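*Asks:* Can you keep this structure in mind? I'll have questions shortly.
Please treat every number below as a calculation from the coordinates, not as lab data. None of these values were measured; they are calculated from a predicted model. Heads up, the Cβs are rebuilt from the backbone with ideal geometry, glycines too, and the neighbour counts pull from every protein chain shown.
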Amino acid sequence: MLALVSACVGGCVGGGGPPPSRVATRPQPQPTGPLPSSEAFKLCKARLDQAAVRFEVLPDQQHGGGCAIIDAVKLLDFGTPTANLGAMTCELADKFAAWVRYAVRPAARLYFGSEVVRIETFGTYSCRDVRGSGGTIAGRLSEHGRANAVDVSAFVLADGRRVSVVDDWRADGATSQFLHIIHDSACKRFRTVLSPDYNAAHRDHLHFDMGGKGRYCR
């Protein structure tokens, strides 16, 4: 019996037995979550280049009080002249240029049979707190303070007509329909979209920003 056991051990472990089966190598898990800032910025700039958007990369700036301009660009040419565009985070600029190209322009042709030749805004970067109905809300930094928001006020058409948020949001007919359809499209692109339906502070513009983690459309 002892000899049989010895032979078995020798056969099972030694070279006389079948080779041990190989252990399958598990694929290494890929990193999840948001990309590092530098990598996300690089990819964003590549998207703008691919869309034939001309832009200038801006230096990072810290302004104190939480206000900063990081990974930002200035849009130079994306097909529609736009007033008061300053520093914008690259992600915001990418979404804004696409919104104008794929929502604003087609909607203007549909509702007015005309092209948008100019967009008017109240600007992008501004180191300030959030504006509520009663004024600014102390301690709540606006996304404008991070160059991560833009306020759109009006559109000028090739035939000379001007469609403004303050005059036409609640008007009857094509002008109101145009504003509401491009608002709805914006809700699919930007994380936060605020209109005159939100509060009195937004009675004259559409506010778009890329802050927060979810989506809010009003």
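*Asks:* In a shell of Cβ-Cβ distance under 14 Å around residue 167, excluding residue 167 itself, what net charge do Lys and Arg (+1) and Asp and Glu (-1) give?
*Replies:* Once all neighbours under 14 Å are counted, the net charge is 0.
*Asks:* For region 36-217, just say rounded, prolate or oblate: build the C-alpha gyration tensor, square-root its eigenvalues into a ≥ b ≥ c, call rounded for a/c under 1.5, and beyond that prolate if a/b exceeds b/c, oblate if not.
*Replies:* It is oblate, given that a/c is not under 1.5 and a/b is not larger than b/c.
*Asks:* Arranged from highest to lowest average of other beta-carbon atoms within 10 Å per residue, in what order do the peptides 179-188, 38-47 appear?
*Replies:* Output ranking for 179-188, 38-47: 179-188, 38-47.
*Asks:* If the cut-off is 17 Å between C-alpha atoms, which lysines fall inside it for residue 213, apart from same-chain ones fewer than 8 positions away?
*Replies:* The reachable lysines, counting only those whose Cα sits under 17 Å from residue 213, are 95, 188.
*Asks:* Of the peptides 200-208, 166-174, how do they stack up when ordered by the mean number of other Cβ atoms within 10 Å, highest first?
*Replies:* For the peptides 200-208, 166-174, the packing ranking is 200-208, 166-174.
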